[in-house]
Amino acid sequence: MSVFRALVRRELSAFFQGPTGFIIIAAVMFLIGLGFLVVLSGLNGEATPMPVTQVFYGTYFFWVILLLIAPVITMRSFAMERASGTYESLMTAPVGDWQVVLSKFAGALIFYMILWVPLLICSVVVRFYVGESAVLGLGTMFTSALGILMVGCLYMSIGCFASALTRNQAVAAVSGFALGAALFFTGFFSYFAGDRTDWLSQLARHISLANHMESFTRGVVDLGAIVFFLSLTGLFLYLTHKVVESRRWK
Amino acid sequence: MIDVQHLTKRYGQHVALDGVSFSVNAGEVVGFLGPNGAGKSTTMRILTTFMAATSGTARVGGDCVFEQPDRVRERIGYMPENNPLPLDLRVADYLGFRAELKRLAKRKTTGRVSEVMEQCGIEDVAKRFIGQLSRGYRQRVGMADALLAKPELIVLDEPTSGLDPNQVRSVRRLILELAGEHTVLISSHILSEIEMTCDRVVILHEGRLLASGALNDLMAKANASVIAEVQAPLPEVQQWAAELALGQAEVAGQPDGYVRCQFAGAIDGSARERVFAAANERGWPLRELSRRAPSLEDLFVSLTQEREEPQ
């Protein structure tokens, strides 16, 4: 366990030893701020039946941040170690393949969650002014955070997988972005599905990240959505582990 | 300590290792010798569980590197080729991190880290970033990492490559210090490196095992040569050299009237005496007479010839 902790700490420290982590944080803060400005000007003086979290989500800044930033967070995880050769000393230390995969995933996920702290601060500011209303209840804040975490798990695992495939960070970022964007945009087929109940439409609704995320921001926790996110995360981590392991059967 | 049987590694069509077998006893310092691309690093990567062989078996301390990689990893300290290190960490922090990975007890970590730093002579750069260190220091950080967990087997891939002569000497001294307590496996393509530190050598060439054994025994098989420079007309010297019958003679005139002869082949302890006596007999001035120890190249030549002759 202490080995795992040391590995996660090393992952996190790598973000903050250089400028990388701070640049990502600055970019995300800017985008969150911009998104929030849009929300506030939209809300200005008007009553809204929707929770603020849902309004913010409706600006699509969330997806812009996620799709652009997630591959940047994970691109270095395996690719950089491979390029610099430290991968070899890491993998010959008494450390298991799973420990390495999970620690890289956990490090990326923790950093990803740190990125959303400004959003929490924005929400607290709004809460301070509107008071304890249905507009921004603790419940919707909590479920939104859960949604952000779930989507984060999925995208960090996709990014780790993309990074494990190459020793070039740019390739890792681009292929991670392509995978993530493809998954996200496939979800838009659910708009064509409408109310139809054939299996294809149901599948389209089920893989729509936007639908799942929207219900989280409304304050609804859908167990199906959680299972969906966690199982896909598991799948990508499993694939990452296979790639890491493959050096020993290639 | 190490037992390798019929190890073969293929990368697609390319055969990196071809049925290599050798063994190393506990406490020995063994040198892996061979030109670049001979399969030294590949063998080391297999032994340190970084990758698997296509076929064959390898055991470290009785544990198979394919089936029980975790137990093998706990036994080894490995410095990979080119000594890769994270440049964004401070020396002491990096060694602390490695100590955690190697499951050193927490309370012992600090003490052990300063111990290896002292042993490798890097205490004065403990607080510096690895990225700011010179190559010699980085090499010693890599070695400190390899020593950290007091492993039974230390594997160093080209520990002296890219170092200046002083640094080479200090690395060599460190390796000699390790000799008693650990089994050490070093690779190099420079014979003199291995000569000074190793009890035994394993010679690889194009993925095959050429020879293994005590270096002196192997060197005895290689052809030393004798060089003599005499002042005499070239045709006469050519005839004289042929009469001496000291293996193959290469005779070349020098611009200042001297003739340089290089005898390679049947060189024994009395060869120089015979050359001297023969030159004296003719009354030729002799300005150089020396024995050149066989180089790695000579050793390779004689070993590869020996291998091809029986066929």
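A few comments on the model shown:
- Relative contact order of chain A, pairs being alpha-carbon contacts under 8 Å that are 6 or more residues apart, as %: 27
- Heavy-atom SASA rank of A:Ser77, B:Ser192 (probe 1.4 Å, accessible area, largest first): B:Ser192, A:Ser77
- With a 1.4 Å probe rolled over the protein heavy atoms of all chains, the accessible area of B:His14, B:His189 falls in the order B:His14, B:His189, largest first.
- Cα gyration tensor category, rounded, prolate or oblate, for the range B:73-138 with a/c compared to 1.5: oblate
- The solvent-accessible area of A:Ser246, taken with every protein chain present and a 1.4 Å probe, is close to 10 Å².
- Exposed loop sites here mean chymotrypsin sites (Phe, Trp or Tyr not before Pro) with a DSSP loop assignment and at most 16 other beta-carbon atoms within 10 Å; chain A contains its longest site-free run at A:61-187.
- Placing +1 on each Lys and Arg Cβ and -1 on each Asp and Glu Cβ, with no other charges, gives the range B:172-216 a dipole about its Cα centre of roughly 60 debye.
- Using a probe of 1.4 angstrom and keeping all protein chains present, the accessible surface of the range B:223-293 works out to 56 square angstrom per residue.
- Think of each Lys and Arg Cβ as +1 and each Asp and Glu Cβ as -1; about the Cα centre, that makes the dipole of the range B:111-170 roughly 180 debye.
- Fraction of beta bridges assigned by DSSP in the protein assembly as shown that are antiparallel (%, nearest 5): 70
- Taking every protein chain into account, the 1.4 Å probe leaves A:Met29 with about 100 Å² of accessible area, to the nearest ten.
- Cleavage-rule hits (GluC sites (Glu not before Pro)) in the range B:1-89: DSSP loop, at most 15 neighbouring Cβ within 10 angstrom: B:Glu67
- Choice from A:Leu102, A:Leu138, A:Leu149 with maximal GNM fluctuation in chain A (Cα, 10 Å cutoff): A:Leu138
- Projected-area mean, the range B:122-206, by convex hull of Cα positions, square nanometres: 6.4
- Within the range B:223-293: Cβ-based charge dipole about Cα centre, in debye rounded to nearest 20 (Lys, Arg +1; Asp, Glu -1): 160
- For B:Gly77, residues with placed amide H under 5 Å, excluding near neighbours: B:Leu153, B:Ile154, B:Val155
- Computed over protein heavy atoms with a 1.4 angstrom probe, the accessible surface ordering of A:Ile25, A:Ile158, largest first, is A:Ile25, A:Ile158.
- Per-residue surface analysis assigns B:Leu286 an accessible area of about 50 Å², computed on protein heavy atoms at 1.4 Å probe radius.
- Across every direction, the projection of the convex hull enclosing the Cα atoms of the range B:2-220 has a mean area of 11.8 nm².
- Of the peptides A:90-96, B:170-176, the ranking by mean beta-carbon count within 10 Å, highest at the top, reads A:90-96, B:170-176.
- Derived scalar couplings ³J(HN,Hα) [the range B:192-208; Karplus, 6.51 cos²θ - 1.76 cosθ + 1.60; whole Hz; x for Gly, Pro]: 5, 4, 5, 3, 7, 10, 9, 7, 9, 10, 10, 9, 10, 8, 6, x, 10
- Leading residue at positive end of dipole, chain B (Cβ point charges), from B:Thr8, B:Tyr137, B:Leu104: B:Leu104
- Among A:Thr217, A:Phe229, A:Ile207 the positive-end extreme of the charge dipole of the range A:2-246 (Cβ point charges): A:Phe229
- Contact order for the range B:223-293, expressed relative to its length and based on alpha carbon pairs under 8 Å spaced 6+ residues apart, stands at 48 percent.
- Note, ³J(HN,Hα) from phi for the range A:238-248, Karplus 6.51, -1.76, 1.60, rounded to Hz, x at Gly and Pro: 4, 4, 4, 4, 4, 5, 4, 5, 4, 4, 9
- Other protein chain Cβ atoms within 10 Å, averaged over every residue that makes up A:17-28: 1
- Karplus 3J(HN,Hα) series, Hz, for the range A:99-108 with 6.51 cos²θ - 1.76 cosθ + 1.60 (x for Gly, Pro): 4, 5, 4, 5, 5, 5, 5, 5, x, 5
- Unit charges at the beta carbon, dipole of the range A:93-250: most positive-side option, A:Ser144, A:Val125, A:Phe111: A:Phe111
- If you run the Gaussian network model on chain B, springs between alpha carbon atoms under 10 Å, then out of B:Val113, B:Val141, B:Val230 the most flexible one is B:Val230.
- Fluctuation leader among B:Thr197, B:Thr183, B:Thr110 - chain B, Gaussian network, Cα springs under 10 angstrom: B:Thr110
The values are calculated or read from the model by the stated rules, or taken from the named source; none is laboratory data. The shown structure was predicted, so the numbers you read here are calculated from the model rather than taken from an experiment. Note that we place each Cβ from the backbone using ideal geometry, even for glycine, and neighbour counts take in every protein chain shown. With ligands, DNA and RNA removed, areas are computed over all heavy atoms of the protein, side chains included. Shrake-Rupley method; radii C 1.70, N 1.55, O 1.52, S 1.80 Å.
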